[in-house]
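Bear in mind that the values in this text are calculations on the coordinates, not laboratory data. Predicted, not measured: the structure shown is a model, and the values here were computed from it. For neighbour counting, all protein chains shown are included, and Cβ atoms are generated from backbone atoms with ideal geometry for every residue, glycine included.
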Amino acid sequence: MKRTPGPWRIDDKAAILCILAPKSSVAVVSTGWADARLIAAAPELLAACEKMLRYLVELAESTDMLPQSWPMVAEAQATIKNAKGEDI
């Protein structure tokens with residue numbers, strides 16, 4: 001799945017809220033600031049989740065625990081795959 005790379009920002013000077021990437025418009029949000037902020041933060045949220053997941057997996061492996069045995073690790077892996085459009 002091809003994604004528009006971040007960072008994304010909110011164009012609050014328009015009559016509507018637009019989420020903008022460096023070279024394109026990502027989304028037009030008509031539901032308000034809260035949704036616009038969440039959408040604009042999506043690339044950074046995904047990157048932070050991937051980084052945290054890698055750390056947790058490394059921690060689990062260094063303590064001989066299977067990371068899949070941690071429900072939050074399995075949930076994070078599934079959510080990241082879903083966000084990237086990968087088969088779960």
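Taking 17 Å as the straight-line reach from the Cα of Lys51, the aspartates and glutamates in range (excluding those fewer than 8 positions away in the same chain) are Glu61, Glu75. Taking other C-beta atoms within 10 angstrom as a stand-in for reagent exposure, Trp70, Trp33, Trp8 fall in the order Trp33, Trp70, Trp8, fewest first. Translational diffusion of the range 44-83 was estimated from the Stokes-Einstein equation, with Rh taken as the Kirkwood radius over Cα pairs; at 25 °C and 0.890 mPa s the coefficient is 240 µm²/s.
Modelled spin-label separation between Lys81 and Arg9, with each label point placed 7 Å from Cα along the Cα-to-Cβ direction: 3.6 nm. Think of each Lys and Arg Cβ as +1 and each Asp and Glu Cβ as -1; about the Cα centre, that makes the dipole of the range 44-83 roughly 100 debye.
Round to the nearest 0.05 the FRET efficiency obtained for Ala74 and Ala48 when R0 = 30 Å and r is the Cβ-Cβ distance.
According to the calculation, E is roughly 0.95.
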